[in-house]
Structure formats: structure tokens, C-alpha cells
Amino acid sequence: MDKMPKWADVVLIPLINFALAMFVSGLVILAIGKDPIVAIKTMIEGAFYTTNGVGYTLYYATNFIFTGLAVSVAFHARMFNIGGEGQALLGGLGVALMCLWIDWPHWTIALIFAAGAAAVFGAAWAAIPAWLQSKRGSHIVITTIMFNFIGFSLLNYVLVNNLRPTGSMDPASAKFVSSAHLPTFHEMLAPFGIAFSKHSPANVTFLIALLAAVLVWILIWHTRLGYQIRGYGHSESAAKYAGISPHKIIMISMLISGGLAGMMAINNVMGEAERLVLNATEGAGFIGIAVALMGRSHPVGVVIAAVLFGFLYQGGAELALWQNIPRELVVVIQALVILFTGALDNMVRGPVERVFLRLRGGAS
Amino acid sequence: MDFMTIIQILDSTMRLATPLLLACLAGLFSERAGIFDIGLEGKMLAAAFVSAAVAAVSGSVWVGLLAGMGASIFLSLLHGLASITFRGDQLISGVAINFLAAGLTVVIGQSWFQIGGRTPSLSGDGRFLPINWPFAEALSETPVIGGIYSELISGHTILVYVSLLIVPLSWYVLFRTRFGLRLRAVGENPAAVDTAGVSVIRLRYSAVIICGVLCGLAGAYLATGLAAGFVKEMTAGRGFIALAALIFAKWRPWHALYACLLFGFLEAIGNRFQSIEIIGISVPVQFMQALPYILTVVILAGFVGKAVPPRAGGQPYVKER
């Protein structure tokens, strides 16, 4: 059982996996005739040296905290929710419905309703696959993939036929009402005399994302429901024997998961774009998979991994700008992180376990 | 809708169904051997890029095809390494492969050709060109039969005909040979196959390699047959539609053909009409695009017959010690 200390499982192995992913990415950069050292320097400077860069890093991280938590909660019930992308798209629709026509007295009230609508829409989009999994045995991975595509088509239809302002050609909604504007870091920090870039999209949602991480931590490790979710995830038969209803656990964990993914929309749709565009999520739903895998499905790990991916995203944009390396390099890194931390985990785990066994053998 | 329109729609159905069919049969071999593969999309995309790039550089579409198949087989082996050798999660591995292909094709394509992640346009020997059957020209004026013969049957690229031949071939291999029996057994009960002294590992690797070959054909067809070059994200979810078709067909070769023709038909209709009137109700184009996915969910839900995947699908095989 305990072949190695816990810190090795939680910290060392993800770090080795990540280092491997970065190493292979470095080889890719070399292969296209660029310098990996210069590339990583450009990324770090672009993501951390200016408040604008930090703002973008944290803005992306906010998206990834939500989607990473979404995947994590489902993982604990041994459900693989690939549908975060679709759920986040639908969450955006929920936000748009709240922010297009209602004139809010204060942004906090707008935020509460928009977040609620986003969560409800995201959860609803996860509810059908969850129900089909628990009642009809349809594989949740396949149904959530299908629901990503269905969600995209649905959103496309609604944008083109219902939300598009008359006379506009592109499939996007009108600008949201000004009373639904969320304070950005620039506006939040100005009263304290801290100068923060005006142009970065980081906004108050980052704090909501951290709050969500705390709530997920309490839910999973300090409530009866969380215990049931983890119990079901470890052993379905044991959970059944203990009187836990699989149907209830699948439904609840997927609803929470979908709700979290949907709530990403308050960051990218309400906080940044302030209107609903077709491809608002930009793949953040999928990055949640990498984030959850790297963060070992623990909220603390998820937040750290999300900031790391925020850095990769912002750094990747800088690479495209200064080094003529396409932004898609980040997609390669993301793929390698998923590959090494998720699929090839045993490749690293085996040797590391052997090293620890030998060390222990030597000590005793 | 006149007769010629119908023929044209069926003609483009054939062309659009081909990549779906090849990818679907690829998934069939892999999943029948117990290796779930949601990385069909990525393998097709990689093959599309490599085949178009190599065809553009070498000037020969056949060299391109081989290179594309090589790229696809490489990703298949990676999937095999993760899911067979290291007993990792097959679904996660598939997700990783999809992103790997999506990222690498653009990164390499952009630095290689410097035209926004595309490959140069292919022409002449760099493409698979339509094969005109004998007398197609002469017969095209003949009513009904002429249209069917010259438009629908003649005038496709060789890969279209090859894909149609692979359907009976797959059926034969899977259901009439010893290899096929073992392959299916390894997807249902690998322990029994192991007990019989047959290597589970080797069978599963063979299955993923076949999957790689077929995905390579599918991708090469996309970039060198259907289109004249690679553009970024050109598979556009076809790998997932193929996966949907595989479930729709309940993991059977002939049914895979019918499912892919149906989904190809839906795509052809969606390409041609912005909205369709069916018994007075106008169906939006977005609904047509979503229909393959909706149908798959309905099938998966078991409301119209039950789709049961191979029993050992998704589980790594651990030999008893």
C-alpha cells in the first residue's frame, strides 16, 4: 500500500511528469529551429514581469480553476466528465440571459444571479449524460463528448437566431448592460493605491474561484456527501453495501461538476468579453482535464496547476508575439501533461516506487 | 428537388462518408480488441497534415499517403504504450493524443511552410484524382442510369473505392479468420485468450496498428483526396462522428458502412441547404449538424436497441502472477 511516502505521490510524481512534458516540449521547440531557453524566458517575462501579464495569467487561471474543480469533483466519483467545454458554453448562455436585458441595481446582485444561472445551465447540460449513465448505462465519456458538440450547435443556433443584434453579421450577442460590469483588478486595487494594469481582464471572479476551491475542499473531505462520493469512487460495491445510492451519487457529483464548469462563464463572458461570442470557452473545458490530473483532484493542487496553465497560456501568447512560435505550442504542452500525468503515470511511478523501496531497504 | 440534385447529394454523401468509414473501421478493430480509442480524431488530423506536407514536398501523393500512415501508426503505438504496456487510462490517453495532434500539426506546419499552419496547395500528382470509369462520359447523357453511373459510381478517388472494399475485408478478417476470432476474444475476455496461450499484448498491439493504418488512410483522404492540402483543425470533429457511427453500428463492419453513409448524407444535406423544410417545419442547419451526436446519444441510451461495447473494453489486462 504505502510503497512511498505521501509527499512523493502528491508532489514528486506530478513534478517529474511535468518536467518530462516540458522536456519533450523543449525538443519540439528545438525541432522547429528555436531556442527553448529563450522561449521559456520569454514566457516567464510575459506572464509575470508586468501587472498586465500577471492579470492575464490570473484571468486564465480563473477559468482553469473552475473547469479543473469540475473535472476533479467528477473524478472523485470515478466519473470522467469530458463535457466541461459544453457545460461552460451553456453556462455562458445562462450569464447572457441574465446580463442582456435586466438593469441591475448593483454588480454584486448581478453577479449572484449570473453565477446562479451559469451554474444551473452548466449543471443541466451535465444532468442528461449523468442520468443516462446511472439509469441506462450509457458511457459518460461518450455522452459528454456528444453533448459538447450538441451544445456548440445549440449555442450557434441561439446566437444566430435569437441573441444576435439586428444588422450584425457575426454570431455574437449584444453588449451586456453596464450595471453587470464586474470590477477588474485595476478597479479593485486602485483604492489601495496599488497600480494594476487597466487592460488586463483579471476580475473579481478570481476570488470567487478561490472560494469555490475552498467549498469543494469542504464538500469532498468534510461532509457526509463528500465521503459518500469518495466512497462510491473507490468501490461501487462497497458503497452500495454501505447503503449509498449510486444513482444519487452520480447525479449529484455530475450536477456539481457541470455547475462548476458552467460558472466559468462569469469570468470569461461576464468579466472579460461582456457579451456572448460563439467560441467563448476557447478550450478551457478541456484544460480542466489536465489541471485536475496534475492537481491530483485536490483543490489545492487544482489551484496551483490552474495558475501554472494560466502562465502557459499567457506565456504562449507572448511566444507567438515575440518569438514567432505559434500559440498552439501550449496545446502541445497541455497534451503532454495529460499524457504523462494521466496515461503514462505508471511509467514514472514504477521506477520511483522501486527507488523508494530500495532506500527503505537500505535504511532498515 | 430534381433528380440531378438528388444524385449530386448522394455523390457528395459518398465522398463525405469515406473518411468517416475509414476512421470508423479503425475504431472497430481497436475497440473490438478491448482498446477504447477516442483519439481517432487526432490520428486522422496528424495523418492529414503529414500526408499533405510530404505530398507537397515530394510531389507524390503515394509517398504522402505512406508518411501520413506512418504518423498515424506512431500515435497508435503511443496509445498502445500508454494503455497496453503501462496500463494507463485509455480515455485519457485518447484525449492526450487528440490535443497532441491538434497542437503539433499547427506548430510544425507553421514553422515548415510559414502560411498560417496550412500546407501548400496540392495539384497533379500531389493529389488523389478522380478515376473516371469507362464510358462514364458517353453514358452521362443517358437518362437515370447515365446520371447514376457517371456521377455516383464513377469519378471518385481511389481511396473511396478502397474504403468500400475494406468493409467486407474487415468483416472477413474479424469473423472468418483465426486472427479475428482471437481479436474479438481479447476484447471480451482477455484472460481466456491468455489461458489458451495466445499473447494478449501482441493481439492488442496488432489491433492498434491496424487502427493506425486505417486512420492514416482516412486522414490522407481528407487532405489529398477531398481537399487539396491541409488546413488547421481540418478533421473538424469527424473522428468523433466516426466514433458515434461505431456505436450506432454496434461495433459491426456492415452496419458501420450504413451508419457512415447516413452521417455522410446528413453532412451533405447540411452543406447544400441552409435550412430544410420537412412537412412544413423548417429544420435549422445547426440541428442537422448536431443530428449525428443526438442520434448516438439516443442509441447509447438504449431507447432504440441497446449498444453494448466489447466487455473488456477500456480495461488494461493484468496477467496473473
- Message: Suppose we filter the range A:134-180 for residues that are part of a loop (DSSP other than H, G, I, E, B), small (Gly, Ala, Ser) and under 19 Å from residue A:78 (Cα atoms); how many remain?
- Response: 2
- Query: Could we say that residue B:74 is modelled with pLDDT of 95 or more, open to solvent by 10 Å² or more (accessible area, probe 1.4 Å) and either within 15 Å of residue A:343 (Cβ to Cβ) or under 19 Å from the mean Cα position of the chain (by Cα) (or both) here?
  - Reply: yes
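To keep it simple, each residue is scored yes or no on (1) assigned to a helix (DSSP H, G or I); (2) under 18 Å from the mean Cα position of the chain (by Cα); (3) modelled with pLDDT of 90 or more; (4) more than 21 Å from residue A:213 (Cα to Cα).
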residue: A:303; (1), (2), (3), (4): yes, yes, yes, no
residue: A:337; (1), (2), (3), (4): yes, yes, no, yes
residue: A:353; (1), (2), (3), (4): yes, no, no, yes
residue: A:360; (1), (2), (3), (4): yes, no, no, yes
- Message: Conditions first: (1) modelled with pLDDT under 90; (2) open to solvent by 20 Å² or more (accessible area, probe 1.4 Å). Residue A:154 passes all but one, so which condition is the exception?
- Response: (1)
- Which of the following residues is within 9 Å of chain B (Cβ to nearest Cβ) and touching a helix residue (DSSP H, G or I) at 6+ places or on another chain (Cβ under 9 Å): A:344, A:255, A:260? A:344
- Task: Please go through the range A:247-288 and pick out each residue that is open to solvent by 30 Å² or more (accessible area, probe 1.4 Å) and either of a type outside the set (A, V, I, L, M, F, W, C) or outside any helix (DSSP H, G or I) (or both).
- Result: A:247, A:248, A:272, A:274, A:275, A:277, A:278, A:279, A:282
- Which ones in the range B:192-207 are part of a helix (DSSP H, G or I), surrounded by 15 or more Cβ atoms within 10 Å (Cβ to Cβ) and over 22 Å from the mean Cα position of the chain (by Cα)? B:193, B:194, B:200, B:201
- Hey, among A:80, A:75, which residue is open to solvent by 20 Å² or more (accessible area, probe 1.4 Å), within 14 Å of chain B (Cβ to nearest Cβ) and either part of a helix (DSSP H, G or I) or aromatic (Phe, Trp, Tyr) (or both)? A:75
- Say we look at the range B:41-62 and pick out the residues that are among the hydroxyl-bearing types (Ser, Thr, Tyr) and not in a loop (DSSP other than H, G, I, E, B); which of these is farthest from the chain's Cα centre (by Cα)? B:58
- Residue within the range A:305-327 that is under 30 Å from residue A:178 (Cα atoms), open to solvent by 10 Å² or more (accessible area, probe 1.4 Å) and within 14 Å of chain B (Cβ to nearest Cβ) present: yes
- Item | Of the criteria (1) of a type in the set (S, T, N, Q); (2) within 17 Å of residue A:87 (Cα to Cα); (3) modelled with pLDDT of 90 or more, which one residue A:281 fails | (3)
- Give me a count of the residues in the range B:66-82 that are at the interface with chain A (Cβ under 7 Å from one of its Cβ atoms) and in contact with a Phe, Trp or Tyr (Cβ under 8 Å, 6 or more places away or on another chain). 0
- Item | Looking only at the range B:220-237, and only at residues there that are among the hydrophobic types (A, V, I, L, M, F, W, C) and assigned to a helix (DSSP H, G or I), the one that is nearest to residue A:327 (Cα to Cα) | B:223
- Note on the structure: Within the range B:238-275, residues being open to solvent by 30 Å² or more (accessible area, probe 1.4 Å), part of a helix (DSSP H, G or I) and free of Cβ contacts under 8 Å to residues at least 40 places away in the same chain number 3
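Table: residues versus (1) more than 22 Å from the chain's Cα centre (by Cα); (2) within 13 Å of chain B (Cβ to nearest Cβ); (3) open to solvent by less than 60 Å² (accessible area, probe 1.4 Å); (4) of a type outside the set (A, V, I, L, M, F, W, C).
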site	(1), (2), (3), (4)
A:6	yes, no, no, yes
A:13	no, no, yes, no
A:18	no, no, yes, no
A:22	no, no, yes, no
A:25	no, yes, yes, yes
A:28	yes, yes, yes, no
A:31	yes, yes, no, no
A:39	yes, yes, yes, no
- Identify all residues within the range A:332-364 that are over 20 Å from residue B:89 (Cα atoms) and either surrounded by 17 or more Cβ atoms within 10 Å (Cβ to Cβ) or touching a residue at least 24 places away in the same chain (Cβ under 8 Å) (or both); write none if there are none. A:356, A:357
- Applying the selection to the range A:109-137, what residues are on the phi < 0 side of the Ramachandran plot, within 14 Å of chain B (Cβ to nearest Cβ) and open to solvent by 40 Å² or more (accessible area, probe 1.4 Å)? A:128, A:131, A:133, A:135, A:136
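The values are calculated or read from the model by the stated rules, or taken from the named source; none is laboratory data. What you see is a predicted model; the values in this text were computed from it and never measured. Heads up, the Cβs are rebuilt from the backbone with ideal geometry, glycines too, and the neighbour counts pull from every protein chain shown. The area values use the complete protein model at the heavy-atom level, side chains included, leaving out ligands, DNA and RNA. Shrake-Rupley method; radii C 1.70, N 1.55, O 1.52, S 1.80 Å.
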